[in-house]
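First up is the structure itself, then whatever we jot down about it.
The values are calculated or read from the model by the stated rules, or taken from the named source; none is laboratory data. Predicted model only: the values in this text are computed from it and were never measured. Using ideal geometry, Cβ is built from the backbone for each residue, glycine included, and neighbour counts are taken over all protein chains shown. Accessible surface is based on the protein model in full, side chains and every heavy atom, while ligands, DNA and RNA are left aside. Shrake-Rupley method; radii C 1.70, N 1.55, O 1.52, S 1.80 Å.
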Amino acid sequence: MTAIALTDSEVTLFFRGLERSVGVHLDLSKRDLLNARLEPVSNRLGYSSVDTLVRALNQMDLLETRQQAYAALTTNETMFFRDPELFELLKNRLLPALIKRRADSRRIRIWSAAASTGQEVYSLAMLIRLHFPDLKNWELEIRGSDVSHSVIQTARAGIFNDREASRGLPLIYFNTFFTKADCGRHKLSDEIRNMVTFDRFNLMSDRFSNRRYDLILMRNVLIYFSLKNKITVLEKASQALADADSALLLGGAESVNGNPRFVMNRDPRWHFYTKKREG
Ligand SMILES: C[S@@+](CC[C@H](N)C(=O)[O-])C[C@H]1O[C@@H](n2cnc3c(N)ncnc32)[C@H](O)[C@@H]1O
C-alpha cells in the first residue's frame with residue numbers, strides 16, 4: 001500500500017523543525033530535494049517511503065532518526081584548500097601576524113565550525129606543518145566540528161578516495177602527508193591527524209563554551225540559514241573570538257550581513273572579518 005502523499009502543510013511542518021534545530025532553511029520549492037536526500041535514509045531505516053518517514057517525524061519524538069534525516073538535508077560539499085586565495089591569505093598574512101601576537105603565550109586556537117568531512121581542517125594543519133614548522137613546540141589547537149555525526153566520523157578517519165584526494169590538493173601536500181590506504185584510498189599521516197580534533201557541535205542549539213579562538217572558519221554554512229538564524233549564530237561567533245585581531249573567515253558568497261560587531265578587512269584577493277574594537 002502506498003502512503004498518501006505529504007501535504008504542503010506536512011512538508012512545511014517538517015521544514016520548520018529542521019530550521020529550528022539545525023538552522024537550514026528550506027521551502028516548498030525544495031520538495032524534490034527532500035525526496036532525493038531522504039530516500040536513502042528511509043530505505044536504511046526500514047520506512048516504506050519518504051512520506052512515511054516525514055510523517056513519523058512530524059508526529060513522534062524520534063531523536064536518532066531525526067538526526068539522520070536532518071543530516072541528510074545539509075550540504076556537505078567540501079574540498080582541500082577550497083578557495084586557494086583564502087589559504088594564501090592565511091599563509092602570508094593572518095598566520096604570520098597571529099604568531100607574532102602570540103609570541104609570549106605560544107598558544108593558538110583555531111576552530112572550523114562547519115568542518116564537514118575534514119578537508120578544511122586538514123588543509124590548515126598541513127599548511128601550518130609545512131610553512132610554520134616552529135609551531136610544533138607551541139600549544140596549537142585546531143578543532144573541527146559539525147552537526148552531522150557521519151561527516152565527523154569520516155573526518156576523524158582522515159582517509160580519502162582518489163577523487164577527494166586530488167580535488168584542490170597541491171601535489172606537495174599529497175606527497176608529504178599522505179600514505180596509501182586500502183581500496184586505493186589515501187590516508188593522512190598520524191602527524192597531521194594528531195594536530196586536529198573533531199567533535200559534533202550544532203551551531204544553532206549547542207552552547208558555545210567560554211573558549212576563545214584566534215581564528216574561526218564558518219564557511220559555506222550560514223548561506224543555508226535564514227537571516228534570523230544567521231544573526232543569532234554570528235552574535236555567538238563574535239563572542240567566541242579571542243580579541244579584536246582575531247578573525248572570522250566566511251565563504252566567498254557569505255557576509256556578516258551588516259552585523260556591527262564585525263569589521264570587514266580587505267586583502268587584494270579575499271576579505272575577512274575581525275571584531276570591532278570596543279570604545
Ligand atoms: C557545505 S559544508 C562546508 C564545509 C567546509 N566549511 C567548506 O567550506 O568546504 C557545510 C557543513 O555545515 C554543516 N552544518 C549545517 N548546519 C549546521 C549547524 N547547525 N551546526 C554545525 N554545522 C552545520 C553541514 O553538516 C555541512 O557539513
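Summed over region 95-119, the residues that are of a type outside the set (S, T, N, Q) and either surrounded by fewer than 16 Cβ atoms within 10 Å (Cβ to Cβ) or in a helix (DSSP H, G or I) (or both) give a count of 11.
Looking across region 39-65, the residues that are assigned to a loop (DSSP other than H, G, I, E, B), under 23 Å from MET204 (Cα atoms) and open to solvent by 60 Å² or more (accessible area, probe 1.4 Å) come down to MET60, ASP61.
To keep it simple, each residue is scored yes or no on (1) in contact with a Phe, Trp or Tyr (Cβ under 7 Å, 6 or more places away or on another chain); (2) in contact (Cβ under 8 Å) with a residue 12 or more places away in the chain; (3) of a type in the set (Phe, Trp, Tyr).
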| site | (1), (2), (3) |
| --- | --- |
| VAL151 | no, yes, no |
| PHE160 | no, yes, yes |
| ASN175 | no, no, no |
| LYS180 | no, no, no |
| ARG185 | yes, yes, no |
| ILE192 | yes, yes, no |
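I want to confirm something. Restricting to region 1-31 and keeping residues that are more than 20 Å from MET204 (Cβ to Cβ) and hydrophobic (A, V, I, L, M, F, W, C), which single residue is surrounded by the most Cβ atoms within 10 Å (Cβ to Cβ)? First the steps, then the outcome.
Taking region 1-31 as the starting set, the residues that turn out to be more than 20 Å from MET204 (Cβ to Cβ) are 1-11, 28-29, 31.
Checking the rest, the ones that are also hydrophobic (A, V, I, L, M, F, W, C) come to 1, 3-6, 11, 28.
Details: MET1: 4, ALA3: 14, ILE4: 10, ALA5: 10, LEU6: 22, VAL11: 20, LEU28: 11.
Of everything passing the filter in region 1-31, LEU6 is surrounded by the most Cβ atoms within 10 Å (Cβ to Cβ).
From the set of residues in region 77-94 that are among the aliphatic types (A, V, I, L, M) and in contact with a helix residue (DSSP H, G or I) (Cβ under 7 Å, 6 or more places away or on another chain), which is most open to solvent (accessible area, probe 1.4 Å)?
Within region 77-94, the match that is most open to solvent (accessible area, probe 1.4 Å) is MET79.
The residue list PHE178, PHE208 contains one member that is in the same structural domain as ARG109 (by TED's automatic domain parsing) and either within 16 Å of the ligand (Cβ to nearest atom) or open to solvent by 40 Å² or more (accessible area, probe 1.4 Å) (or both), which is PHE208.
Pairs linking a residue in region 13-38 that is assigned by TED's automatic domain parsing to the domain that holds GLN68 and part of a helix (DSSP H, G or I) to a residue that is of a type in the set (Gly, Ala, Ser) and open to solvent by 70 Å² or more (accessible area, probe 1.4 Å), with Cβ atoms under 9 Å and 6 or more positions apart or on different chains, are ARG20/SER205; SER21/SER205; VAL22/SER205.
The condition of being among the small types (Gly, Ala, Ser), under 14 Å from SER123 (Cα atoms), assigned by TED's automatic domain parsing to the domain that holds HIS131 and at pLDDT 95 or above holds for SER189.
Remark: ASN202 matches the filter, which requires a residue to be near the ligand (Cβ under 9 Å from one of its atoms) and either part of a loop (DSSP other than H, G, I, E, B) or of a type in the set (Ser, Thr, Tyr) (or both). Consider region 138-156 and keep the residues that are at pLDDT 95 or above and open to solvent by 40 Å² or more (accessible area, probe 1.4 Å). The one that is nearest to ASN202 (Cα to Cα) is GLN153.
Only one entry in ARG44, ARG20, ARG82, ARG66 is over 22 Å from the mean Cα position of the chain (by Cα) and basic (Lys, Arg), namely ARG44.
The set of residues from region 226-278 being more than 20 Å from ARG82 (Cα to Cα), among the hydroxyl-bearing types (Ser, Thr, Tyr) and either touching a strand residue (DSSP E or B) at 6+ places or on another chain (Cβ under 7 Å) or without any contact (Cβ under 8 Å) to a residue 12 or more places away in the chain (or both) comprises SER238, SER246, THR274. For region 182-195, the criterion of being surrounded by 11 or more Cβ atoms within 10 Å (Cβ to Cβ), acidic (Asp, Glu) and within 17 Å of the chain's Cα centre (by Cα) is satisfied by no residue at all.
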